[in-house]
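Asker: Encoded as structure tokens, here's the structure I'll be asking about.
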Amino acid sequence: MKLNNYKVLISKKELLFQIVLHSIVLLFFSFDRNEEVINLNRVLFLLYYSLATIGVTYFLMPKYLYKQKYWQFFMGFALLVALVICIEELVMEPLMYPGTKRGDHFPGIYIALLGTLPVMTILSGGKFGWDALKKQAQIDELETTIQESELQFLRSQINPHFLFNNLNNLYSYALQESPKTPEIILEMSGVLRYMLYESKEQFVPLKKELEQLGNFIRLYKLQIEDRGEVHFDVDKIEGEYKIAPLILIVFIENAFKHSQSGQSSDIEIDISVKLSDSTLEFRCKNNYEPGFSLDSVAKGIGLKNVQKRLELLYPKKHVLKIEEADNSYNVYLKLELEKV
């Protein structure tokens, strides 16, 4: 159906909604409480008003109202109502009530509007509400698409970030012809395989993510060698929960980066993960040499990345605290997880 080059496409859901809405209005306004029956003449008038309302809902509203041309809309609506009243008073009522006062006399504009406006307003308002809900659904879908695209972009930054840091370390070990170089390459390939192929979903099983954290920590422990100690404690995980992949790994990577860049011995890194009900508590603490600036680390792409991802994936469901005190760098993260 076309109205002045405006295509009107009605979905099955909207058609069902319009049928239900018109049926309710028809029953409500056509029922004669005095005689306790449906007045057939009222039914005909209501059908006539419904037909006229189509011009409002599928022509005036999309052409003027939704384009913020309010004066044109109200002028068109007023003209349409005036036309409806004229046809009703000059054609329909003389035919339906011949020889009666109603059929021969115009009751006045106020009475005529009382009969016409309520029905047209309710039907137009129903359509407006439907369009508003539909538009909101489109906005929500668009926001979701944008958010998913942003998350994909943020996650795509993790792999180059991981490669950049580890290839530099691997290069130094290769120059020294360290016997640990093959083992580092093997551990690195396993972690990278998880990043590239196994963590494509928005959420992954918590146990799987913690397993990869262990692999990641072993990779970096190989590079620390005997220069310090690394503790990784995970409480027994009860239940199947899911977590956004590659969130915790950024904080651990930063901890190792602090230690390797800032000092050559007495490295201390403590990492703990605890799950209570559905609340995950992650702590990561590392020491560093006095005078070592953390600005380049704290403001790096990795930390900015994870903070943005937390805002997108866990709005009002996370607490992140990062403190620097007494030559130590402490990260505390609390997440509200959902079950798989």
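Asker: Give Gly76, Gly55, Gly125 a once-over and let me know the one that is within 27 Å of Lys13 (Cα to Cα), touching a Leu at 6+ places or on another chain (Cβ under 9 Å) and modelled with pLDDT of 85 or more. Steps first, please.
Answerer: On the way: Gly76 fails: within 27 Å of Lys13 (Cα to Cα); Gly125 fails: touching a Leu at 6+ places or on another chain (Cβ under 9 Å).
Going through Gly76, Gly55, Gly125 in turn, the sole match is Gly55.
Asker: Pairs please, first residue from the range 8-29 and closer than 28 Å to Asn41 by Cα, second anywhere and part of a helix (DSSP H, G or I) and of a type in the set (Gly, Ala, Ser), Cβ atoms under 9 Å, 6+ apart in sequence or on different chains.
Answerer: Filtered contacts from the range 8-29: Phe17/Gly126; Gln18/Gly126; Leu21/Gly126; His22/Ser50; His22/Gly126; Val25/Ser50; Val25/Gly126; Leu26/Ser50.
Asker: For the range 268-303, give me the residue count where each residue is at pLDDT 75 or above and closer than 12 Å to Tyr329 by Cβ. Step through it out loud before you land on a result.
Answerer: We begin by selecting, within the range 268-303, every residue at pLDDT 75 or above; these are 268-288, 303.
Filter once more, so that each one left must be closer than 12 Å to Tyr329 by Cβ: 268-270, 283-288, 303.
Of the residues in the range 268-303, 10 are at pLDDT 75 or above and closer than 12 Å to Tyr329 by Cβ.
Asker: Within the range 103-120, which residues are surrounded by fewer than 14 Cβ atoms within 10 Å (Cβ to Cβ) and either in contact with a Lys or Arg (Cβ under 7 Å, 6 or more places away or on another chain) or free of Cβ contacts under 8 Å to residues at least 24 places away in the same chain (or both)?
Answerer: Matches in the range 103-120: Asp104, His105, Phe106, Pro107, Gly108, Tyr110, Ile111, Leu114.
Asker: Also, I was wondering about something else. Among the residues of the range 199-227, which ones are over 21 Å from Pro182 (Cβ atoms) and in contact (Cβ under 8 Å) with a residue 12 or more places away in the chain?
Answerer: Let us first name the residues in the range 199-227 that are over 21 Å from Pro182 (Cβ atoms), namely 199-211, 213.
Of everything in the range 199-227, those that are over 21 Å from Pro182 (Cβ atoms) and in contact (Cβ under 8 Å) with a residue 12 or more places away in the chain turn out to be Ser199, Glu201, Gln202, Phe203, Val204, Pro205, Leu206, Lys207, Glu209, Leu210, Leu213.
Asker: Got at least one residue in the range 217-238 being closer than 19 Å to Asp277 by Cβ, under 32 Å from the mean Cα position of the chain (by Cα) and surrounded by 22 or more Cβ atoms within 10 Å (Cβ to Cβ)?
Answerer: For the range 217-238, residues closer than 19 Å to Asp277 by Cβ, under 32 Å from the mean Cα position of the chain (by Cα) and surrounded by 22 or more Cβ atoms within 10 Å (Cβ to Cβ): absent.
Asker: For the range 168-191, what are the residues that are more than 13 Å from Ile224 (Cβ to Cβ) and of a type in the set (A, V, I, L, M)?
Answerer: Leu170, Ala174, Leu175, Ile185, Leu186, Met188, Val191
The values are calculated or read from the model by the stated rules, or taken from the named source; none is laboratory data. Since we're looking at a predicted model, the values are computed, not measured. Reconstructed Cβ throughout: ideal geometry from the backbone, glycine too, with neighbour counts over all protein chains shown.
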